[in-house]
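The values are calculated or read from the model by the stated rules, or taken from the named source; none is laboratory data. This one's a predicted model, so the numbers in the text were calculated from it and none came from an experiment. A quick note on method: Cβ atoms are made from the backbone with ideal geometry, for glycine too, and the neighbour counts reach across all protein chains shown. What goes into the accessible areas is simple: the full protein's heavy atoms, side chains included, and nothing from ligands, DNA or RNA. Shrake-Rupley method; radii C 1.70, N 1.55, O 1.52, S 1.80 Å.
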Amino acid sequence: MKTIVIIGGGHAAAQLCAALAEGNFTGRVVLVSEELHLPYHRPPLSKTLIKDAAALLPELRGAAFYAQSGVELRLGQRAVRIDRAARQVVLQAPDGGAEDRLAYDHLVLATGSRARHLPGVPEDLPNLHTLRNFDDAVRLRSALSQAQRLMVIGGGFIGLELAASARALGKAVTLIEAAPRLLARAVSPAISRHLLDHHRAAGVDVRLGSAPQRVVVENDRFTGVVLNDESLAADLLLVGIGARPEVSLAEVSGLDCSNGIRVDPLLQTSDPDISAIGDCTTFPYGADATSIRLESVQNANDQAKALAARLLGQPVAYAPVPWFWSEQGDVRLQIAGLWHDGLRAVTRAGAKAGSFSIAHYDGTQFVAMESINAPLDHMTARRWLQQQHSPAPEAFADAARPLKDL
Ligand SMILES: Cc1cc2nc3c(=O)[nH]c(=O)nc-3n(C[C@H](O)[C@H](O)[C@H](O)COP(=O)(O)OP(=O)(O)OC[C@H]3O[C@@H](n4cnc5c(N)ncnc54)[C@H](O)[C@@H]3O)c2cc1C
């Protein structure tokens, strides 16, 4: 393998560069990103960075790493198509201009995901925000410093984290969620309730089970929404209604896509010369090989490591223990495994006030754990899932019994 070209400048791309360097890959590695920044940590964007006017780009690795590892950086360039027959990728500046071609022996798509927009609402309103990248965060941070009232549409992870950050800055926050509970697809009802209580206690005006009848735009600015015939005014709007996989390059180049770029357990796309990793992929998971897509740092990093092993000649099937975290004010939620409806929930009180964990069982099989401010429980759950160990539910519920004894 002579030249590996990686499209994308996020967690997956950076981790792939690192894993190739650690494996002493001797070929050429080129990283192409439409962003002008070195790859950086995305989680702080909605948490610490938004609250700290002085916070800089949270780089994953400094420029010296790429120079020392021999990774060529092509920042500020977008891959617009793949000439698969010639094994070349066509690049262009994001605002257009002349095209350039880059030859590859193996191409890796790590194009991540994009924020969804509200249908029917102009995307370019100056006080309408989505939060996906560093530039979005800087723009939102600056706007928040001038605003008094923030409206968040969407009670998903980014909307809730941002609501907590804005409250910490003393802003009035209204959060509207169409579903009857928060994070309905990702967490169990008990965790939804806990988070609802937490945000309401922190002063967020959470409205569940309703979507705005109208988003009000006056003089080309967002001024509020009409919800259940009530007018709610705000200075800023954050649309946090989820993300969609960035598959436009893959689709235009004829690769199989379905809610993401389809990859096999070795992370190969429908073209053997092209692999894909991170948020943009849909992959077979579990004993029944269900197609799933994950949006998490864990998935981006672990897929990158698995792909590096294959490119270095030691293929391993990607069989993850999914895990995730979110910070909402002083609540740290950690999830190991994948929760879904129909599981049996067993709660264990934590050592400190406000900390607890819920283990979820499919029959007798332990399949997931949600932890609130209980990091040791979370780490233990990841080990149990790795080892396919199922602690007895009664023993788990007994907070007096140390987890290591289970
Ligand atoms: C605000 C925020 C908070 C988050 N918090 C958490 C958290 O607490 N815990 C957690 O586990 N996960 C969190 N996530 C999710 C996590 O950041 C993502 O799962 C992770 O970034 C995925 O990595 P990736 O490399 O697949 O994609 P990304 O990090 O999205 O990177 C994709 C990159 O590809 C570039 N790109 C796309 N198309 C092209 C193209 N055609 N040409 C060139 N470049 C292209 C994009 O500009 C981007 O730089 C958060 C995400 C956000 C936005």
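Of note:
- Count Lys and Arg as plus one, Asp and Glu as minus one, and take only other residues whose Cβ is under 15 Å from that of Val225; the net charge is then -2.
- Alpha-carbon geometry of segment 183-329: the Rg and the Dmax are 20.4, 62 Å, given in that order.
- Annotation: segment 129-257 has a Kirkwood hydrodynamic radius of 15.7 angstrom, from the mean reciprocal C-alpha pair distance.
- Peptides ranked, highest mean first, by Cβ atoms within 10 Å: ranges 305-314, 370-379: 370-379, 305-314
- Rg and Dmax of the chain, Cα atoms only, in Å: 22.2, 67
- Cα-Cα pairs of segment 74-177 separated by more than 18 Å (percent): 61
- Sum of side-chain charges, Glu394 neighbourhood, beta-carbon under 14 Å (Lys, Arg +1; Asp, Glu -1): +1
- Charge sum, other residues only, whose C-beta stays under 10 Å from Val173's C-beta, Lys/Arg counted +1 and Asp/Glu -1: +2
- Packing-based ranking of 362-369, 108-115 yields 108-115, 362-369, ordered from highest to lowest mean Cβ neighbour count within 10 Å.
- P(r) for segment 252-316, from all Cα pairs and a bin width of 10 Å, is 23, 56, 21, 0 %, short bins first.
- The share of alpha-carbon pairs in segment 186-243 lying farther apart than 19 Å comes to 45%.
- Measuring nothing but protein heavy atoms, the accessible surface of segment 343-406 at 1.4 Å probe radius is 53 percent carbon and sulfur.
- Taking the chain and dividing mean pair separation by its residue count, relative contact order in percent (alpha carbons under 8 Å, at least six apart): 14
- Take the chain with all the other protein chains still there, run a 1.4 Å probe, and you get 44 Å² of accessible area per residue.
- Working note: Cα gyration tensor of segment 330-393, eigenvalues times five, square-rooted, sorted largest first, giving semi-axes of 19, 12, 10 Å.
- Result for the chain in a Gaussian network model with C-alpha springs under 10 Å: among Pro44, Pro126, Pro58, the largest mean-square fluctuation is at Pro126.
- Cα gyration tensor, segment 49-123 - rounded (a/c under 1.5), prolate or oblate: oblate
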